[in-house]
1. Residues of region 149-203 being exposed (fewer than 15 other Cβ atoms within 10 Å of the Cβ), at pLDDT 95 or above and among the charged types (D, E, K, R), which ones?
2. Across region 227-244, what is the total count of residues that are touching a residue at least 60 places away in the same chain (Cβ under 8 Å), assigned to a helix (DSSP H, G or I) and crowded, with 18+ Cβ neighbours inside 10 Å?
3. Applying the selection to region 58-75, what residues are crowded, with 18+ Cβ neighbours inside 10 Å and not in a helix (DSSP H, G or I)?
4. What are the pairs with Cβ atoms under 9 angstrom where one residue, in region 119-140, is in contact (Cβ under 8 Å) with a residue 40 or more places away in the chain and of a type in the set (F, W, Y) and the other, located anywhere, is surrounded by fewer than 15 Cβ atoms within 10 Å (Cβ to Cβ) and outside any helix (DSSP H, G or I)? Sequence gap at least six, or different chains.
5. So is V203 in contact with a Cys (Cβ under 9 Å, 6 or more places away or on another chain), of a type in the set (V, I, T) and away from the ligand (no atom under 16 Å from the Cβ) or not?
6. In region 22-57, how many are among the charged types (D, E, K, R) and buried (at least 22 other Cβ atoms within 10 Å of the Cβ)?
7. Applying the selection to region 81-132, what residues are in contact with an Asp or Glu (Cβ under 6 Å, 6 or more places away or on another chain) and either of a type in the set (K, R) or part of a helix (DSSP H, G or I) (or both)?
8. Run down D198, D205, D209, D194 and say which single residue is touching a Ser or Thr at 6+ places or on another chain (Cβ under 8 Å) and charged (D, E, K, R).
Amino acid sequence: MRVLVISDIHANLVALETVLADAAGSYDAVWCLGDLVGYGPNPNECVELVRGLPGLICLVGNHDKAVLGEIDLNVFNGDARSAIAWSQSVITPGTLEYLRALPARDQHGDYTLAHGSPRQPVWEYILDRFIAQDNFALFTTPYCLVGHTHMPILYRQTGPHGEAQEESADYHSARSLRGERVIINPGSVGQPRDNNPDAAYAVLDTAGDLWEFRRVPYDIFATQSRMRAAHLPERLAARLGFGW
Ligand code: ZN
């Protein structure tokens with residue numbers, strides 16, 4: 001099975017549509033690692049589009065839970081909080097109902113899926129190899145896919161106690177995962193934070209355990225215009241142009 005792996009769409013419909021068009025023909029199923037809403041201008045449209053994708057496994061993220069009212073907004077910074085409050089003002093009952101039913105962690109064959117980490121599926125950021133090390137003991141499959149940091153990266157287990165090495169994303173070339181234990185983050189569709197503003201996603205071939213990181217430029221200005229029209233915080237619009 002060929003899987004399109006996406007995460008952290010954050011209501012950026014233009015980025016999502018661009019990723020789907022770019023990946024067209026290279027996947028039969030979609031795994032979405034959470035944070036469909038928050039920050040961006042099109043929460044309902046993004047959820048509507050994602051829920052119709054083929055072979056979908058979709059997780060809930062911390063921003064989704066915040067929009068659902070399941071997380072205290074005070075844990076977010078001011079701009080994120082404003083965007084969540086705005087999202088709550090436009091989100092439809094149908095969108096909320098869909099988000100509320102999503103799991104925070106799931107498993108498919110050799111792949112464990114979590115928004116943040118196996119240890120704390122909603123909240124923990126796997127930001128370095130030491131945090132990855134702690135998490136290698138907390139899933140039993142060979143492979144684990146996470147989102148949440150908005151940074152494309154691969155952590156490879158190198159020792160019996162979860163010792164891990166980081167491997168930066170090598171785009172548009174497939175890497176075999178066979179014989180290894182890895183934690184991989186495909187990066188963010190709708191708000192990349194690795195100083196590269198292009199939308200990030202990945203394609204996985206589960207028959208061969210082949211992983212390919214991908215990037216695609218999208219019309220950032222179109223998303224920014226929608227954000228400004230919605231009076232979302234200017235800083236959130238500006239950051240899309242730089243990828244931070
Ligand atoms: Zn996110």
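1. Within region 149-203, E166, E167, D170, R178, E180 meet the criteria.
2. Looking only at that region, the number is 3.
3. Keep residues of region 58-75 that are crowded, with 18+ Cβ neighbours inside 10 Å, which gives 58-68.
Listed by number, the residues that qualify are C58, L59, V60, G61, L68.
4. F136/H161; F136/E163
5. Details: in contact with a Cys (Cβ under 9 Å, 6 or more places away or on another chain): no; of a type in the set (V, I, T): yes; away from the ligand (no atom under 16 Å from the Cβ): yes.
No: the conditions fail for V203.
6. Number of matching residues: 1.
7. Of region 81-132, the ones in contact with an Asp or Glu (Cβ under 6 Å, 6 or more places away or on another chain) are 99, 113, 116-117, 129.
Correct list: L99, R129.
8. D209
The values are calculated or read from the model by the stated rules, or taken from the named source; none is laboratory data. Quick caveat: nothing in here was measured; it's all calculated off a predicted structure. Ideal geometry is used to build each Cβ from the backbone, glycine not excepted, and the neighbour counts take in all protein chains shown.
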